[in-house]
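A.B. asks: If you scroll down you'll find the structure; I have some questions about it.
The values are calculated or read from the model by the stated rules, or taken from the named source; none is laboratory data. Note that the structure is a prediction, hence the values are computed from the model and not measured. Cβ placement follows ideal geometry from the backbone for every residue including glycine, while neighbour counts extend to all protein chains displayed. To get the accessible areas, we keep the full protein, side chains included, count just its heavy atoms, and leave off ligands, DNA and RNA. Shrake-Rupley method; radii C 1.70, N 1.55, O 1.52, S 1.80 Å.
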Amino acid sequence: MLRIDDLVVRYGSAVAVDGVSFEVGAGEMVALVGPNGAGKSTLINAISGLVPPHSGTVACEGRIAQVPEGRQMFADMSVEDNLLLGGWSIRNRDLGEVYDLLPDLAGMRKRKAGRLSGGQQQMVAVGRALMARPDLLAIDELSLGLAPLVVAELAEHLRFLNRERGTAVLLVEQEVTLAFDVCPRALVLEAGRIIAAGPSVELAQSETVRKAYFGDLAVAEMMTGPTAQATTEVST
Amino acid sequence: MTELVAYLISGIALGSSFALIGSGIVVVHRVTRVVNFAQGSVAIVGGMASATLLDGRLPHGLGEIAAVLLSGVLGLVIGLLAIGRRGTPPLISLIVTLGASMLVSAAIIWLWGQDPVTPPGLRGSVTILGAEVERQRLLVVVATGVAFAALALFFSRSYLGKGLTASASNPFAARMVGIDVRKMGLLAFGLAGILGGLAGVLIAPSNPLSFYSDLPLVLGGFAAAVFGGLTSPLRTLLGGLCLGVAGQLTAGYLNGSYQTEMALLLMLVIMIIRSRALVQEEVK
């Protein structure tokens, strides 16, 4: 449903994304991992149409909604207003559906978004994206600044969403163990290029990927642990 | 005492017009980060257009509404000039609004001449605490109250108003959810035009307007907007009222020609006192 073909994004003379091509199928969960400055956020912003590509194409058969890095709340507005604004581009905005999927949001709907905890804000960000009834949810750094238990809960919501609604997920994540745990397939980005792609389990065991981008920690070993361990800090 | 009441009420009426002009500056600045210096000229066009339309035998009410709407269109045109081109830096847009203000002033001289124009307003006066107060001045106060209530409702209850607030609060997130922030900026300019036009229509019957009125109006409006931290329409209303009352007391007890200087002085004092708060709001 999403097809990226030879995408190049530049900031002046600097190349942030350099000839990236990949696909995400309907209902698929794909992780995009890589170190800081690899071009992950630029790539996701280009996919969402927030950054114009220099060349190449982004083709999507459905609607894309983004959960941005750092949550990006409308801080002085209520949770409910934040959610409603998520449905800006569609006609029928149904809060009930999002409250069904993320029941915690209903209890905080009158509160100012800027006064919520990081985990609550991330849930609002996910709910706001869901208001657009997306076919693909592009999530930029789900775990950033959040406690492991909160991340585990959010990850469970994503799996539920994918299972129940068939929403495809493109998860951009620096926390590689989380990304590999949630998404069966992954892409590894470095310096704007995809340097490895394949099933997450295989990538986690790849010596080259592990040593080059995730330090000496045994990612593959962590993959076999419980979900709660998935947020263990991994050196980049 | 009677004199003081008269100065206070006329000050509140004049301050209301500063508040309307200032809130237009705030609405535009919140969304676009541009200070719209053409706001005073738009107010004058509103007042003068109402005079022409009423002179052309349009009934009261309709003539004023048409003049306000015309000012809204003028505000939109200024917005197109200032931010119509994507990626225009706010400083360039600010200079464009200054240029637009001069252009509008030239158009005012061409269309209405250099003499002050006074459209017919509400006739008669009422006595409040022994002071004779023109009905028109009371109308200005009431209409400003209604306008600010409508503005508050628009921003808090309507989806479009929430879109404007969202664009001001977090432009990146607004773009991400599909809001066209540039269009919201243009909407803000149109809304500012309506607010400025309303100010002109309301004050022109008791304060004759000419192209010379631009500077005191925009200074008063800007001072009120600065009082509101360029972010809060409600605090802008308060700032406008303080400014209007201070100006009228100055004119009444000292000298009428010091009103503009009083606006400048107050603006300077507010900017010095509130400089830290303004920086904090900008960072936030």
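A.B. asks: Among the residues of the stretch A:2-26, what is the count of those that are open to solvent by 30 Å² or more (accessible area, probe 1.4 Å) and closer than 30 Å to A:E164 by Cβ? Reasoning before the result, please.
C.D. replies: First pass over the stretch A:2-26, keeping only residues open to solvent by 30 Å² or more (accessible area, probe 1.4 Å): A:3, A:5-6, A:10-15, A:18-19, A:21, A:23, A:26.
Subset that is closer than 30 Å to A:E164 by Cβ: A:3, A:23, A:26.
So the answer is 3.
A.B. asks: Please find, within the stretch B:93-131, the residue that is farthest from the chain's Cα centre (by Cα) out of those that are in contact (Cβ under 8 Å) with a residue 40 or more places away in the chain, farther than 18 Å from B:G40 by Cα and surrounded by 12 or more Cβ atoms within 10 Å (Cβ to Cβ).
C.D. replies: B:L129
A.B. asks: Here's something else I'd like to know. If you go through the stretch A:45-73, how many residues are open to solvent by 40 Å² or more (accessible area, probe 1.4 Å), aliphatic (A, V, I, L, M) and within 10 Å of chain B (Cβ to nearest Cβ)?
C.D. replies: 0
A.B. asks: Which of the residues that make up the stretch A:74-101 are open to solvent by 20 Å² or more (accessible area, probe 1.4 Å), of a type in the set (A, V, I, L, M, F, W, C) and facing chain B (nearest Cβ under 10 Å)?
C.D. replies: Residues satisfying the conditions are A:A75, A:L84, A:W88.
A.B. asks: Turning to a different aspect of this structure: Quick one: which residue in A:G198, A:G192 is over 24 Å from A:G127 (Cα atoms), of a type outside the set (S, T, N, Q), open to solvent by less than 10 Å² (accessible area, probe 1.4 Å) and more than 14 Å from the chain's Cα centre (by Cα)?
C.D. replies: Among A:G198, A:G192, only A:G192 is over 24 Å from A:G127 (Cα atoms), of a type outside the set (S, T, N, Q), open to solvent by less than 10 Å² (accessible area, probe 1.4 Å) and more than 14 Å from the chain's Cα centre (by Cα).
A.B. asks: Related question: If A:R111 meets every condition in (1) away from chain B (no Cβ under 14 Å); (2) more than 17 Å from A:A138 (Cβ to Cβ); (3) at pLDDT below 95 apart from one, which number is that one?
C.D. replies: (3)
A.B. asks: Among the residues of the stretch B:144-167, is there at least one that is more than 30 Å from A:L84 (Cα to Cα), out of contact with any Lys or Arg (no Cβ under 7 Å at 6 or more places or on another chain) and away from chain A (no Cβ under 14 Å)?
C.D. replies: Taking the stretch B:144-167 as the starting set, the residues that turn out to be more than 30 Å from A:L84 (Cα to Cα) are B:144.
After this cut, where a residue has to be out of contact with any Lys or Arg (no Cβ under 7 Å at 6 or more places or on another chain) as well, the list is B:144.
Retained after the next criterion (residues that are away from chain A (no Cβ under 14 Å)): B:144.
There is at least one residue in the stretch B:144-167 that is more than 30 Å from A:L84 (Cα to Cα), out of contact with any Lys or Arg (no Cβ under 7 Å at 6 or more places or on another chain) and away from chain A (no Cβ under 14 Å).
A.B. asks: Does at least one position in the stretch A:202-209 carry a residue that is buried (at least 21 other Cβ atoms within 10 Å of the Cβ), in a helix (DSSP H, G or I), under 17 Å from the mean Cα position of the chain (by Cα) and at pLDDT below 90?
C.D. replies: There is no residue in the stretch A:202-209 that is buried (at least 21 other Cβ atoms within 10 Å of the Cβ), in a helix (DSSP H, G or I), under 17 Å from the mean Cα position of the chain (by Cα) and at pLDDT below 90.
A.B. asks: Let me ask you something else. Scanning for something open to solvent by 60 Å² or more (accessible area, probe 1.4 Å), within 20 Å of B:A173 (Cα to Cα) and not aromatic (F, W, Y), does the stretch A:148-171 turn up at least one residue?
C.D. replies: For the stretch A:148-171, residues open to solvent by 60 Å² or more (accessible area, probe 1.4 Å), within 20 Å of B:A173 (Cα to Cα) and not aromatic (F, W, Y): absent.
A.B. asks: Of these, B:A173, B:A192, B:A224, B:A204, which one is open to solvent by less than 10 Å² (accessible area, probe 1.4 Å) and either among the polar types (S, T, N, Q) or under 30 Å from A:I64 (Cβ atoms) (or both)?
C.D. replies: Numbers: B:A192 fails: either among the polar types (S, T, N, Q) or under 30 Å from A:I64 (Cβ atoms) (or both); B:A224 fails: either among the polar types (S, T, N, Q) or under 30 Å from A:I64 (Cβ atoms) (or both); B:A204 fails: either among the polar types (S, T, N, Q) or under 30 Å from A:I64 (Cβ atoms) (or both).
Every option except B:A173 fails the conditions.
A.B. asks: List the residue pairs whose Cβ atoms are under 9 Å apart, where the first residue sits in the stretch B:176-187 and is under 27 Å from A:G127 (Cβ atoms) and at the interface with chain A (Cβ under 7 Å from one of its Cβ atoms), the second is in a helix (DSSP H, G or I) and open to solvent by 40 Å² or more (accessible area, probe 1.4 Å), and the two are 6 or more positions apart or on different chains.
C.D. replies: Close Cβ pairs satisfying both conditions: B:I179/B:P171.
A.B. asks: Of everything in the stretch B:73-92 that's surrounded by fewer than 22 Cβ atoms within 10 Å (Cβ to Cβ) and in contact (Cβ under 8 Å) with a residue 40 or more places away in the chain, which residue is nearest to B:L187 (Cα to Cα)?
C.D. replies: Checked the stretch B:73-92; the qualifying residue nearest to B:L187 (Cα to Cα) is B:L76.
A.B. asks: Continuing with this model, one more query. Just to be sure before I move on: is B:A51 open to solvent by less than 20 Å² (accessible area, probe 1.4 Å) and assigned to a helix (DSSP H, G or I) in the structure I sent?
C.D. replies: Judged against the criteria, B:A51 is a match.
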